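What follows is one structure encoded as structure tokens, with my remarks underneath.
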Amino acid sequence: MKKLVLAIAAILTLSAPAAFAAEHAGHDMSSGHAAMGGAAHEEVIDGVKATFNVQTMADAMKSMGMEMPKGVKETHHISVAFKDVKSGKALTEGEVKVKVQNPDKSDQSKDLMGMHGHFGTDVVMTAKGKYGVMCKFKLADGKVRSAKFWYTVK
């Protein structure tokens, strides 16, 4: 069962951005990334613009014309796209980690996987309330940067 869930999560993670890109051909990936549900947060950190998106798994599945599979515990997909502020070039190489503080103060940490011009992972956000999203990333230039923001599940 765990392998099935992981396989479904991988398929969702890889296919949602591709389906979106195909639907919106001609747009650069950074604008497509933000349009996937509206940017949850944007910030410039030491010359790098980070654009975060939070989308429900149900919305991701619906956009692909699929039903949500049974047994998937992750409820949301968090993704981030990075751009060099000076050149406007997408930064797609590096290591990205996210820690999500739940409303009950428990937390979950995940590594984000590089995909189609951004990085993403699936998380559990079942409770209504404020979630603290803290991201640490090291891109090709070797500098460690971080960003944080609040996201509210209604």
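Couple of notes before you dig in:
- Members of segment 108-118 found to be farther than 13 Å from LEU139 by Cβ and not in a loop (DSSP other than H, G, I, E, B), listed by number: GLN108, SER109, LYS110, ASP111, MET113, MET115
- Scan segment 52-107 for residues that are of a type in the set (S, T, N, Q) and in a strand (DSSP E or B) and the total you get is 5.
- Hits in segment 125-136 - residues which are surrounded by 15 or more Cβ atoms within 10 Å (Cβ to Cβ) and either of a type in the set (Ser, Thr, Tyr) or not in a strand (DSSP E or B) (or both): MET125, TYR131
- Selection within segment 38-49 - in contact with a Lys or Arg (Cβ under 8 Å, 6 or more places away or on another chain) and in a strand (DSSP E or B): GLU42, GLU43, ILE45, VAL48, LYS49
- Index of the failed condition, ALA39 passing every other in (1) modelled with pLDDT under 90; (2) closer than 25 Å to ASP107 by Cα: (1)
- Among residues of segment 76-122 being exposed (fewer than 13 other Cβ atoms within 10 Å of the Cβ) and charged (D, E, K, R), the one that is nearest to ASN53 (Cα to Cα) is ASP111.
- Tabulated pairs, segment 84-105, first of a type in the set (D, E, K, R), second outside any strand (DSSP E or B), C-beta under 9 angstrom, 6+ apart or interchain: ASP84/GLY47; LYS86/GLY47; GLU93/ALA140; ASP104/ALA127
- Among the residues of segment 17-35, at least one is touching a strand residue (DSSP E or B) at 6+ places or on another chain (Cβ under 9 Å), modelled with pLDDT under 85 and assigned to a loop (DSSP other than H, G, I, E, B).
The values are calculated or read from the model by the stated rules, or taken from the named source; none is laboratory data. Remember, it's a predicted structure, so these values are computed and weren't measured experimentally. Glycine also receives a Cβ, built like all others from the backbone with ideal geometry; neighbour counts cover every protein chain displayed.
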